Amino acid sequence: MNRNASQRRRPVLTERRVVEWLARRAHWPAGLRHAGAWFLGAVLCPVLDFFARYGAQLGLLIFAFIGTYRLTDYTMGTMANPFYLDLGFTLKQIAAIAKIYGTLLSVVGIVVGGMAVARLGRTRSLVLGSALVIISNVAFSYLAARGQPSVVGWRA
């Protein structure tokens, strides 16, 4: 068996930083050492490796992009039902649209997103996704401006 294959079998403990950290904390209880080694190997080492590869400036920019990419969806997601109720939609209408059509359109979106990545590549797909997030938020503005609930069509 070659050495690389045996190192892959020892997950966290093969990382140099983890091994050094464990050596400095030999006096700690085994459970605490194991938890610290896991945290160091699973969280800190990948983050340090990421910044070593991309540098502080680009690394922070990438982290900011990842952290804010779907932020509007998360914030509006918790306020969607109260928003719909405030517009005058009934709970039955909200359930029908959000649960039935929402589930179907999520599956369609996953398929279309996968096709977009395959056809356009990762970066162009992310830019397209960003534009679609903006459009989805404009749809909430449209609903608020209409002022009257309707699930049967687009009345201006």
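The values are calculated or read from the model by the stated rules, or taken from the named source; none is laboratory data. Source: prediction; values computed, not measured. Cβ placement follows ideal geometry from the backbone for every residue including glycine, while neighbour counts extend to all protein chains displayed. Ligands, DNA and RNA are excluded from the accessible area calculation, which covers all protein heavy atoms including side chains. Shrake-Rupley method; radii C 1.70, N 1.55, O 1.52, S 1.80 Å.
Select from the stretch 61-93 the residues that are among the hydrophobic types (A, V, I, L, M, F, W, C) and either under 24 Å from Val127 (Cα atoms) or open to solvent by less than 80 Å² (accessible area, probe 1.4 Å) (or both) and list them in ascending order.
The first filter runs over the stretch 61-93 and keeps only residues among the hydrophobic types (A, V, I, L, M, F, W, C), leaving 61-66, 71, 76, 79-80, 83, 85, 87, 89, 91.
Once the filter is applied, which keeps residues that are among the hydrophobic types (A, V, I, L, M, F, W, C) and either under 24 Å from Val127 (Cα atoms) or open to solvent by less than 80 Å² (accessible area, probe 1.4 Å) (or both), the stretch 61-93 yields Leu61, Ile62, Phe63, Ala64, Phe65, Ile66, Leu71, Met76, Ala80, Phe83, Leu87, Phe89.
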Confirm whether Gly109 is surrounded by 12 or more Cβ atoms within 10 Å (Cβ to Cβ), at pLDDT 90 or above and out of contact with any strand residue (DSSP E or B) (no Cβ under 8 Å at 6 or more places or on another chain).
yes
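Against the definition (open to solvent by 70 Å² or more (accessible area, probe 1.4 Å) and farther than 30 Å from Phe140 by Cβ), how does Leu40 come out, yes or no?
Values: open to solvent by 70 Å² or more (accessible area, probe 1.4 Å): no; farther than 30 Å from Phe140 by Cβ: yes.
Taking the combined requirement at face value, the residue does not satisfy it.
Out of the residues in the stretch 48-84 that are aliphatic (A, V, I, L, M) and modelled with pLDDT of 90 or more, state the one that is farthest from Ser130 (Cα to Cα). Show your work before the answer.
If we filter the stretch 48-84 for residues that are aliphatic (A, V, I, L, M), which is where we start, we get 48, 52, 56, 58, 60-62, 64, 66, 71, 76, 79-80.
With modelled with pLDDT of 90 or more added as a condition, the list becomes 56, 58, 60-62, 64.
Values: Ala56: 24, Leu58: 19, Leu60: 19, Leu61: 16, Ile62: 15, Ala64: 14 Å.
Checked the stretch 48-84; the qualifying residue farthest from Ser130 (Cα to Cα) is Ala56.
Looking at the structure I just gave you, is Val107 within 18 Å of the chain's Cα centre (by Cα), of a type outside the set (S, T, N, Q) and under 19 Å from Ile66 (Cβ atoms)?
Numbers: within 18 Å of the chain's Cα centre (by Cα): yes; of a type outside the set (S, T, N, Q): yes; under 19 Å from Ile66 (Cβ atoms): no.
Spelling it out, it is not the case that Val107 is within 18 Å of the chain's Cα centre (by Cα), of a type outside the set (S, T, N, Q) and under 19 Å from Ile66 (Cβ atoms).
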Is at least one residue of the stretch 95-114 farther than 30 Å from Trp21 by Cβ, touching a residue at least 40 places away in the same chain (Cβ under 8 Å) and not acidic (Asp, Glu)?
yes
Top-ranked residue in the stretch 112-127 [being assigned to a helix (DSSP H, G or I) and open to solvent by less than 80 Å² (accessible area, probe 1.4 Å); ranked as modelled with the lowest pLDDT]
Leu126
Selection status of Gly102, surrounded by 10 or more Cβ atoms within 10 Å (Cβ to Cβ), on the phi < 0 side of the Ramachandran plot and in a helix (DSSP H, G or I):
yes
